[in-house]
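Please read the structure below before turning to the comments.
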Amino acid sequence: MARIRDEYEKFQQRGAEILAVGPNTEAAFQQYWDKEKIPFIGIPDPEHRVAVQYRQEVSLFKLGRMPLVCIIDTRGRIRYTHYGASMADIPENKTLLDVIDQLIVSSS
C-alpha cells in the first residue's frame, strides 16, 4: 500500500493539501520530516489540543494516538473521517482520492 507521501502529487493535482498532526515536539517533527523527506506539513501537538478537538483516541496500550484521517472542504466542514482502530488502520490513498474527486464533482 502506497503511503500518502508516495502519492502526494496526486493530492496536489486535485488542489488538496495534507497536514499531519502528531504528539511530537516541534524539534522532533522537524528532525523526522527532514530525515524521511516528507513533502507535506507536519504540525506538532504535544499538548494534544488538536487531538482533543477532533476526538482522536489515545491508547497507551497501542503506543499512543490512533490514526485519524479527516478531509475538510474549503469551507472548513469535515466531509470525511476515519478513526483508526490500530496504528496500521489508515485508509488507502485511492479511498481518500475518491472522496476528494467526489467533493470536486459535487462543488462544480
Distance in nm between pseudo-label sites at E7 and E26 (7 Å out along the Cβ direction from Cα): 3.4 nm
Starting from 0.36 nm per residue, how many nanometres of slack lie between I43 and E17 once their C-alpha separation is accounted for? 8.0 nm
Find the relative contact order for the chain and round it to a whole percent, using C-alpha pairs within less than 8 Å whose residues are 6+ positions apart. 23 percent
Place a +1 charge on the Cβ of each Lys and Arg in the chain and a -1 charge on the Cβ of each Asp and Glu, then give the dipole magnitude about the Cα centre in debye, rounded to the nearest 20. 180 debye
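What percentage of the solvent-accessible surface of the chain, computed with a 1.4 Å probe over protein heavy atoms, is contributed by carbon and sulfur atoms? Don't skip to the end; give the middle numbers.
Working: 4150 of 7740 Å².
Within the chain, the accessible surface is 54 percent carbon and sulfur.
Please give the length that would be gained between H82 and C70 if that part of the chain were fully extended, namely 0.36 nm times their separation in residues minus their C-alpha to C-alpha distance (nm, one decimal). Write out the running numbers ahead of the final one.
Numbers: separation 12, 0.36 × 12 = 4.32 nm, distance 0.66 nm.
Between H82 and C70, full extension yields an extra 3.7 nm.
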For a quick check: with amide H placed at 1.01 Å from N, whose amide H comes under 5 Å from R79's, ignoring anything fewer than 5 positions away on the same chain? I71, I72, D73
So what is the 222 nm mean residue ellipticity for the chain from helices alone, if each DSSP H run of at least 4 adds -39500 (n - 2.57) and you divide by all residues, rounding to the nearest 500 deg cm²/dmol? -9500 deg cm²/dmol
Here are a few candidate values for log10 I(q)/I(0) by the Debye sum over Cα atoms at q = 0.19, 0.23 Å⁻¹: (i) -1.14, -1.52; (ii) -0.85, -1.15; (iii) -1.04, -1.17. Which one was actually calculated from the structure I just gave you? (i)
Please work out the average accessible area per residue across the chain, using the 1.4 Å probe convention, and give it in Å². 72 Å²
Taking the Cα-to-Cβ direction at K35 and at Y54 and moving 7 Å from each Cα, how far apart do the two end points lie in nm? 2.3 nm
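The values are calculated or read from the model by the stated rules, or taken from the named source; none is laboratory data. As the structure is a computational prediction, the values presented were derived from the model and not from experiment. A quick note on method: Cβ atoms are made from the backbone with ideal geometry, for glycine too, and the neighbour counts reach across all protein chains shown. Surface accessibility is based on the protein's heavy atoms, side chains included, excluding ligands, DNA and RNA. Shrake-Rupley method; radii C 1.70, N 1.55, O 1.52, S 1.80 Å.
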